[in-house]
1. Kindly establish whether R58 is at pLDDT below 80, touching a Ser or Thr at 6+ places or on another chain (Cβ under 8 Å) and open to solvent by 40 Å² or more (accessible area, probe 1.4 Å).
2. Would you mind telling me which numbered condition in (1) farther than 28 Å from L121 by Cα; (2) surrounded by fewer than 20 Cβ atoms within 10 Å (Cβ to Cβ); (3) within 16 Å of the chain's Cα centre (by Cα) P78 fails?
3. Taking interchain pairs and intrachain pairs at least six residues apart, which have beta carbon atoms under 7 angstrom, with the first residue in region 79-92 and more than 13 Å from V39 (Cα to Cα) and the second surrounded by 22 or more Cβ atoms within 10 Å (Cβ to Cβ) and at pLDDT 80 or above?
4. From the list Y98, Y110, which one is closer than 13 Å to P34 by Cα and of a type in the set (S, T, Y)?
5. Could you tell me how many of the residues in region 46-81 are within 15 Å of Y110 (Cβ to Cβ), among the aromatic types (F, W, Y) and assigned to a helix (DSSP H, G or I)?
6. Given the condition at pLDDT below 85, open to solvent by 30 Å² or more (accessible area, probe 1.4 Å) and more than 14 Å from the chain's Cα centre (by Cα), answer yes or no: does some residue in region 89-112 qualify?
7. Of all residues in region 65-104, which are of a type in the set (A, V, I, L, M) and closer than 17 Å to T52 by Cα?
8. Would you pick out the residues in region 117-134 that are part of a helix (DSSP H, G or I) and either hydroxyl-bearing (S, T, Y) or at pLDDT 85 or above (or both)?
Amino acid sequence: SLANLYTAHFVRRPRPAGHGIWIEQHVKNYFSFPSGHVVVVTAIWGFVFFLTFQSRHRAAAWMWIPRVIALVLVVTMPVSRVLEGEHWLTDTVEGFLYGTFWFLLAIQMYRTLSARFPQLLSTEERTQPTSSHA
């Protein structure tokens, strides 16, 4: 969130106005670039999606529920931010790229900490070959 806030204050891009765009709510205290909602949804729900493949229950039939929820949120959030007139398309693209960076960093931290502290993993996960952590 701080990285997003600093980027927004550095770029200082105003939110959409005019151009035939319908604005649902005028946000005046934050800049437009990048979309913080898209950053957070991409990073957090992307990591939830990743974790569903790390679970010892990853083959369970119910695992499709968090996977679908995560994908729907990551795909629809940028669209909703543009349609509500809160952000330009490029704001949401940058938000997705920023979120992807934090998502990949979280995966790397997960893998590093899993290797460093294997006692935190389930017995099943400790016995799996490391190549199965996609």
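1. yes
2. Here P78 clears every test but (2).
3. Partner pairs satisfying both residue conditions: V82/T92.
4. After applying the criteria, what remains is Y98.
5. So the answer is 3.
6. Looking through region 89-112, at least one residue is at pLDDT below 85, open to solvent by 30 Å² or more (accessible area, probe 1.4 Å) and more than 14 Å from the chain's Cα centre (by Cα).
7. Across region 65-104, the qualifying residues are I65, V68, I69, A70, L71, V72, L73, V74, L104.
8. Those that are part of a helix (DSSP H, G or I) and either hydroxyl-bearing (S, T, Y) or at pLDDT 85 or above (or both): T123, T127, T130, S131, S132.
The values are calculated or read from the model by the stated rules, or taken from the named source; none is laboratory data. Keep in mind it's a predicted model, so treat the numbers as computed, not measured. So basically every Cβ, Gly included, is an ideal-geometry build from the backbone, and we count neighbours across all protein chains shown. Quick note on the areas: whole protein, heavy atoms, side chains included, nothing else; ligands and nucleic acids left out. Shrake-Rupley method; radii C 1.70, N 1.55, O 1.52, S 1.80 Å.
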